[in-house]
Amino acid sequence: MSDKDHILIVEDEAALAKQLKWGLSDTYDVAVAADADQALDLLRKKRPLVTLLDLGLPPHPDTAEEGLKLMKEILVSAAATKIIVMTGNTNRENALEAVSLGAYDYYSKPVNIGELKTILNRAMHISKLEGELTDLKRIVIDDAYLEGMIATSQGMIELIDRAKKVASTDYPVLIQGESGTGKERLAQVIHHLSRRADKSLVIINCGAIPENLLESELFGHEKGSFTGAYTRHIGKLEVAADGTVVLDEVGELPLVLQVKLLRFLQEGTIERVGGSKVIDIDARVIAITNVNLEDAVEKGLFREDLYYRLNVVSFKVPPLRERPEDIPVLARYFLDLYGREVGRRFKGFSPPAMDLMTSYEWDGNIREMQNKIRRSVVMAEATTISPFDLGFDSTQGECENLRSIRDQAEVKAIKQALIKYNYNISKAAIALEISRPTLHDLIKKHNITGVSRKNN
């Protein structure tokens, strides 16, 4: 059995079908159909990930009628396959209609095998990623708390596996990462997979509460302990007894409260403000921060002993730009989610929209992606999301010169190799099939940051 990916060619012109099969068989396992009946039969048998469809099929090869009819049947009976329609240069309107009805892309004859392979490779990649997303949804369907932590990148899969393991313990956890990467969601996953899942999960944002109120919010206060304390107040740590307390933006915690938090972590006890009674509390602590706590310790802004108490098990959630392979599956997940919210069903993203998303820097990470896609489901006129729907600047979709395209491709390939091999220059150079000095020169040329000589 061939280990090549399956594609189906639907073409009634025998000479062209033979040419296409010959040109593509070195890369794919190619099946050929001359009409709709053969095509549907092969779709059931081969289950191709991509179908190359000529719209001019018998018994009316001079029109797109039969091709469009077959395409609609494929979209229903074999929804997983990506359809690329082929037309003559004079039938561009039919191709655009096909795309609006659900085709992935179109290609105008005459055929250039090299160009066609580029389109096929991209369609194949998207088809595989969407298949992986479907598989992942099946995996998490019985565990609603893992939804939104969907990933295909090796780093994120390993991170989620570690989260499942640490959930079975009561160790303090420190989650670090840029804003919008899903740190709070990871904290929720750890709680809901733990033995404390049926108890309270209390989240407190240490940076959003005024300093003079934060102590009372965390530890509570007794009636009359200060002006305005008309009643006893139970603090968040006490509310979280037997459950989990999540300290978001823990790096913003004032030093005086860091001392009290350290005592709680060491002894499992607190005292309310204005009280003298020692209260025993069993609550797990998960701390979240988007600042480098080691730097904060060096600057005297964060206690070293508290840092080590919190950092029993640590997680570093990578930014979205460092895991571009997750972008298509996350985008499709959020499109389905927000589409259901507004009562609309979308076929997916146009190739230019997906290209822009996978090359975009995403400074706001997943939160920025969510906002763009939530906007798109409201703004989109068609059932396929365009760059305009996502709110990308119009110039981002314009053609660029060859040098710019080459530079972007180099930067993307180098970053992916460096991330995969933990910034080891030697291993990354081998993977890129270039020498170490060449890789160093390219890193300097493109001003790629995050590379340390100590690993090289």
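The values are calculated or read from the model by the stated rules, or taken from the named source; none is laboratory data. Here the structure is a predicted model, which means the values were calculated and not measured. Reconstructed Cβ throughout: ideal geometry from the backbone, glycine too, with neighbour counts over all protein chains shown.
Given the criteria of a type outside the set (A, V, I, L, M), within 24 Å of Leu213 (Cβ to Cβ), without any contact (Cβ under 8 Å) to a residue 40 or more places away in the chain and in the same structural domain as Asp198 (by TED's automatic domain parsing), does Lys277 qualify? Walk me through it before giving the result.
Values: of a type outside the set (A, V, I, L, M): yes; within 24 Å of Leu213 (Cβ to Cβ): yes; without any contact (Cβ under 8 Å) to a residue 40 or more places away in the chain: yes; in the same structural domain as Asp198 (by TED's automatic domain parsing): yes.
Taking the combined requirement at face value, the residue satisfies it.
Within the range 343-354, the set of residues being surrounded by fewer than 18 Cβ atoms within 10 Å (Cβ to Cβ) and in contact with a Gly (Cβ under 9 Å, 6 or more places away or on another chain) comprises Arg345, Pro352.
What helices (runs of 4 or more DSSP H) lie completely within the range 183-251 and have 3 or more residues being within 34 Å of the chain's Cα centre (by Cα)?
Once the helices (runs of 4 or more DSSP H) in the range 183-251 are filtered for at least 3 residues that are within 34 Å of the chain's Cα centre (by Cα), what remains is 183-192, 236-239.
Among the residues of the range 282-297, are any touching a residue at least 12 places away in the same chain (Cβ under 8 Å) and at positive phi? Break it down into steps so the answer makes sense when it comes.
Applying the first criterion (touching a residue at least 12 places away in the same chain (Cβ under 8 Å)) to the range 282-297 yields 282-294, 296.
With at positive phi added as a condition, the list becomes none.
So far as the range 282-297 goes, no, none of its residues is touching a residue at least 12 places away in the same chain (Cβ under 8 Å) and at positive phi.
Of all residue pairs spaced 6 or more apart or on separate chains, those with beta-carbon atoms under 8 Å, a first member in the range 228-241 that is in the same structural domain as Val285 (by TED's automatic domain parsing) and a second member that is hydroxyl-bearing (Ser, Thr, Tyr) and outside any helix (DSSP H, G or I) are Val239/Ser200; Ala240/Ser200; Ala241/Ser200.
For the subset of the range 106-145 comprising residues that are among the small types (Gly, Ala, Ser), assigned to a helix (DSSP H, G or I) and within 23 Å of Pro352 (Cα to Cα), which member is modelled with the lowest pLDDT? By that ranking, first place goes to Gly131.
Could you please find all residues in the range 410-422 being in contact (Cβ under 8 Å) with a residue 24 or more places away in the chain and either buried (at least 17 other Cβ atoms within 10 Å of the Cβ) or in contact with a Pro (Cβ under 6 Å, 6 or more places away or on another chain) (or both)? Selection gives Val411, Ile414, Lys415, Gln416, Leu418, Ile419. Assess whether Ala413 counts as being out of contact with any Lys or Arg (no Cβ under 6 Å at 6 or more places or on another chain) and at pLDDT 80 or above. When the stated conditions are applied, Ala413 passes them.
Just one of Ala80, Ala103, Ala151 is outside any helix (DSSP H, G or I) and at pLDDT below 75; which is it? Even if it seems obvious, please write down each step before you answer.
Values: Ala80 fails: at pLDDT below 75; Ala103 fails: at pLDDT below 75.
Result of the check over Ala80, Ala103, Ala151: Ala151.
In a residue-by-residue description of the range 339-346, the property of being of a type in the set (Phe, Trp, Tyr), free of Cβ contacts under 8 Å to residues at least 40 places away in the same chain and in the same structural domain as Pro387 (by TED's automatic domain parsing) applies to at least one position.
Just to be sure, is Ala39 modelled with pLDDT under 85, surrounded by 23 or more Cβ atoms within 10 Å (Cβ to Cβ), touching a strand residue (DSSP E or B) at 6+ places or on another chain (Cβ under 9 Å) and not charged (D, E, K, R)? Full working, then the answer.
Working: modelled with pLDDT under 85: no; surrounded by 23 or more Cβ atoms within 10 Å (Cβ to Cβ): yes; touching a strand residue (DSSP E or B) at 6+ places or on another chain (Cβ under 9 Å): yes; not charged (D, E, K, R): yes.
The answer is no for Ala39.
Residues in the range 154-177 that are assigned to a loop (DSSP other than H, G, I, E, B) and among the polar types (S, T, N, Q) were compared, and the one that is surrounded by the most Cβ atoms within 10 Å (Cβ to Cβ) is Thr169.
Being closer than 26 Å to Thr169 by Cβ and surrounded by fewer than 18 Cβ atoms within 10 Å (Cβ to Cβ) is the filter here, so list the residues in the range 311-342 that pass it.
First pass over the range 311-342, keeping only residues closer than 26 Å to Thr169 by Cβ: 311-318.
The answer is Asn311, Val312, Val313, Ser314, Lys316.
Please work out if Thr27 is buried (at least 22 other Cβ atoms within 10 Å of the Cβ) and in the same structural domain as Met124 (by TED's automatic domain parsing). First the steps, then the outcome.
On the way: buried (at least 22 other Cβ atoms within 10 Å of the Cβ): no; in the same structural domain as Met124 (by TED's automatic domain parsing): yes.
When the stated conditions are applied, Thr27 does not pass them.
Once the range 47-66 is narrowed to residues that are outside any loop (DSSP other than H, G, I, E, B) and without any contact (Cβ under 8 Å) to a residue 40 or more places away in the chain, the residue that is surrounded by the most Cβ atoms within 10 Å (Cβ to Cβ) is Glu66. Consider the range 286-305 and keep the residues that are part of a helix (DSSP H, G or I) and not small (Gly, Ala, Ser). The one that is nearest to the chain's Cα centre (by Cα) is Leu293.
Within the range 83-100, the set of residues being crowded, with 19+ Cβ neighbours inside 10 Å, over 28 Å from the mean Cα position of the chain (by Cα) and not in a helix (DSSP H, G or I) comprises Val85, Met86, Thr87. Looking across the range 375-406, the residues that are assigned to a helix (DSSP H, G or I), surrounded by fewer than 17 Cβ atoms within 10 Å (Cβ to Cβ) and at pLDDT 85 or above come down to Arg375, Val378, Met379. How many residues are in contact with a Lys or Arg (Cβ under 9 Å, 6 or more places away or on another chain), touching a residue at least 60 places away in the same chain (Cβ under 8 Å) and among the polar types (S, T, N, Q) when one looks only at the range 67-117? Qualifying residue count for the region: 1.
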